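The values are calculated or read from the model by the stated rules, or taken from the named source; none is laboratory data. What you see is a predicted model, and the numbers here were worked out from it, not measured in a lab. Cβ: placed from backbone, ideal geometry, glycine included. Neighbour counts: every protein chain shown.
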Amino acid sequence: MTEERKAFEKQLYPLYHFYHKHKDAIQLKDANFKYQKKIQIFKGEDFIKFTTTYFEDIKNLLPDKKKDAISIAKYLNENRIIVKIDRLADDPKKKWPRKVFDTKDQTFTNDGFYTWNLVVKSKMNNLIMAGILLLVFVAFLYPIWPFAFKYGVFKVTLYLLVFLVALQVIRLIVYIISRLLGYAFWILPNLNNDSYGIFGSFKPLYSNYKYTDGKLEISFRLIGIIAFIFLIYIIVQEPSYITGFQEASEQTIDDILEWGKDKLEGKQEPLHKRAIPDLSELMKQAEEDLVNHQKNNIQESQDQQQQNIDYNYDDNLDDVNNHTQDNDLQQNESQTDL
């Protein structure tokens, strides 16, 4: 970048701040620029509306005077202060593009999407960068952290995970109850929508929408209400279900904390050492398996021989008994004849 270009962009810093810091600032959305970095985009029509509304303030922030909002937009576009972008071929056809690139046709249009091509340095950006570097430095020093710090980070992470899971479950339960009543009530409706950014995911706090259900949907709702009332009745009659779940949850968290403590203290043997046995141990185990297999074969052979002997003995015994019975029968017949 030439010095002339730097000086030109520096003149437009107040204009950039006016568009971003104003209470009625235009709506910005996050997008992925050529799979390389994250940028913020806005609509051309929103830019024109905002510029028209505050034209008297904005025209004094430009090096050259312009007569209307369209002239300002074209001026900034021609000087590549704002750049027209378009969606990539594999981007889903939604209202706002998510994957974008800078198109060759830079003609300003109201239905186009644009991004600021202006790097504004500020004290806040410097503080954020310093904070990131400090966090990275501290993370690299993790192996020499005191045990209390390591264990504290582990506990905070675990409790944060439990909180997020509980929040998702509560959101779902509240939505199901509201749906049974014909509404769609969501707590933090944008929580799982990554297109709004970190802070945007927590706005608004709730949303409510009334459904216009038909007869079939109303029938399903009645069945759901009956099932829900029955579930509440079971829980009231058997409170042990709730207490049992609570005790199991607390015990699970305690076990995880104990496992983490042992892991951080080095009491547990590393997983890779436990998972891969020594070669001598494998050979010894193979020999033992072979000996046991031979013993089992010998034992099975002996058992089979013993079964054959018992079977032959039983057959001989049956023959003797049958012969004895025949003799007794003949004697009885002889006596009868006499």
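Results, tabulated for the structure shown:
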quantity: Criterion: in contact (Cβ under 8 Å) with a residue 40 or more places away in the chain and either out of contact with any Lys or Arg (no Cβ under 9 Å at 6 or more places or on another chain) or exposed (fewer than 12 other Cβ atoms within 10 Å of the Cβ) (or both) - qualifying residue of F147, F140; calculated: F147
quantity: Unmet criterion (only one of (1) among the charged types (D, E, K, R); (2) within 30 Å of F101 (Cβ to Cβ); (3) modelled with pLDDT of 85 or more) for K121; calculated: (3)
quantity: Among the residues listed as D46, D24, the single one being more than 17 Å from I85 (Cα to Cα), surrounded by fewer than 17 Cβ atoms within 10 Å (Cβ to Cβ) and in contact (Cβ under 8 Å) with a residue 12 or more places away in the chain; calculated: D24
quantity: Residue in segment 165-176 that is touching a Gly at 6+ places or on another chain (Cβ under 9 Å), surrounded by 10 or more Cβ atoms within 10 Å (Cβ to Cβ) and more than 28 Å from K29 (Cβ to Cβ) present; calculated: yes
quantity: Filter pass, I225 being assigned to a helix (DSSP H, G or I), over 30 Å from the mean Cα position of the chain (by Cα) and surrounded by 13 or more Cβ atoms within 10 Å (Cβ to Cβ); calculated: yes
quantity: Qualifying residue in segment 241-255 (condition: at pLDDT below 90, surrounded by 13 or more Cβ atoms within 10 Å (Cβ to Cβ) and of a type in the set (S, T, N, Q)); calculated: no
quantity: Selection from segment 3-41 of residues that are in a loop (DSSP other than H, G, I, E, B) and either outside the structural domain of T53 (by TED's automatic domain parsing) or of a type in the set (D, E, K, R) (or both); calculated: K23, D24, K34
quantity: Pairs with Cβ under 9 Å, 6+ apart, first in segment 162-174 and under 15 Å from Q246 (Cα atoms), second in a helix (DSSP H, G or I); calculated: V162/S249; V162/I253
